[in-house]
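Following this message is one structure expressed as structure tokens.
Read-outs throughout are calculated quantities, based only on the coordinates presented, and are distinct from any laboratory measurement. Given the structure is predicted, the values throughout are model-derived calculations rather than measurements. For neighbour counting, all protein chains shown are included, and Cβ atoms are generated from backbone atoms with ideal geometry for every residue, glycine included.
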Amino acid sequence: PIVASFFDRPTGSLQYVFHDPETMKGAIVDPVWNFCPKAGRTWTEDADRILDHVRRTGIEVAWILDTHPHADHFTAAVYLSEQLGGMPRGIGAKVTEVQRLWREIYHDDTLPQDGAPWDRLFADGDEFTVGTIPVRVMLSPGHTLASVTYIAGDAAFVHDTLMVPGSGSSRADFPGGDAGQLWDSIRAILELPADTRLFVGHDYPAQDDPPRFMATVAEQRLTNEHVKDGVQKPEFVARRKARDKTLALPAQMLHALQVNLRGGRLPAPESDTRSYFKVPANYFDRPSKG
């Protein structure tokens, strides 16, 4: 596929549109719905850039895909689906387990737990096509227990497992995360053909630098200090756990999961027509960043 990347600098989030040049069918992966936690304000700058791209390029969007319920940004999947005439939205089937976990954390009986907010819940090994391009779904837990990788031809959208080689791997300390599972998921990804392009979920460049968003399997296996050939699982797990202990929570996390576990919708409006977030006090022992 042809892949276009879009960067949300405040959250370090990478968003993608890939398409089949033969049929011009395409898919959107991990779109961002902008949010300011200090003001409680949402807007659609990032999603509108994606809309401009698909309309200008002539891409017919077939799917809007999330790799997992994000903790650092709101998903714009619902907004983009509405703007594109009701395009189907998909996520990994184990999202229901994440919904149940966070339903307890939030003590919120209105949070769904059956995956109903999405049009398709993908199981490990599921396949579909985007134009003539085959797409395979690989369960890739560790960062979250519901994370999936979408393998589209020679491109794989590996979400928050790997980062670009100089940055290593992503954290595994959120509820339901597991460093050992993350290692196993990464090694499975690195068994893909050496020339497979791995598109990552995040980068955090200096203010004036562009993001890095892709490296091949071969590049990751040769140069990624966290997971390159020769590194063993116990070493990775110890390093990942030590690093995670130093990390603050993402600034949007306690807001974002209330939206993302609803498929990209705010909590139901109350009698004054406004939506409100519910934040558990003193559940987490670390401050948020920013």
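Each residue of the stretch 26-33 in turn: what ³J(HN,Hα) in whole Hz from Karplus with 6.51, -1.76, 1.60 and θ = phi - 60°, glycine and Pro shown as x?
Those phi angles translate into x, 9, 10, 10, 6, x, 9, 9 Hz.
Only bridges whose two residues both fall in the chain count here: according to DSSP, what percent of them are antiparallel, nearest 5? Walk me through the numbers on the way to the answer.
Working: 33 of 47 bridges.
Percentage antiparallel, nearest 5: 70.
If you plug each phi of the stretch 204-219 into the Karplus form 6.51 cos²θ - 1.76 cosθ + 1.60 with θ = phi - 60°, what whole-Hz ³J(HN,Hα) values come out, in order, with x for Gly and Pro?
Rounded to whole hertz, the list is 9, x, 4, 3, 9, 9, x, x, 9, 10, 8, 8, 7, 4, 4, 5.
Related question: Please compute, over every Cα-Cα pair in the stretch 2-261, the percentage with a separation greater than 31 angstrom.
Working: 6370 of 33670 pairs.
Tail of the P(r) past 31 Å holds 19 percent of the pairs.
Report, by chain and number, residues whose modeled amide H sits under 5 Å from the one on Ser288, excluding near sequence neighbours (fewer than 5 apart, same chain).
Long-range HN contacts for Ser288: Leu249.
Please list the non-local residues whose amide H lies under 5 Å from the amide H of Trp33, H modeled 1.01 Å from N, same-chain partners needing a gap of 5 or more.
Placed amide hydrogens put Phe74, Thr75, Ala76 under 5 Å from Trp33.
Pull up the cross-link candidates among the lysines for Lys289, meaning alpha carbon to alpha carbon under 27 Å and not fewer than 8 places away within one chain.
Of all the lysines, those that pass the test against Lys289 - Cα under 27 Å, at least 8 places apart if same chain - are Lys38, Lys241, Lys245, Lys278.
Something else about it: What number do you get for the stretch 14-67 when its Cα radius of gyration is normalised by 2.2 N^0.38 Å, N = residues?
Normalised by 2.2 N^0.38 Å, the Cα Rg of the stretch 14-67 equals 1.28.
Right, next: Which far-off residues, 5 or more places away or on another chain, put their amide H under 5 Å from the one on Val61, with H placed in the peptide plane?
Residues meeting the amide H criterion: Gly26.
For the chain, the longest stretch holding no GluC sites (Glu not before Pro) located in a DSSP loop with at most 13 other Cβ atoms within 10 Å is which? Could the numbers behind the result be given before it?
Numbers: sites that count: Glu22, Glu191, Glu225, Glu270.
Here the longest segment lacking exposed loop sites spans 23-190.
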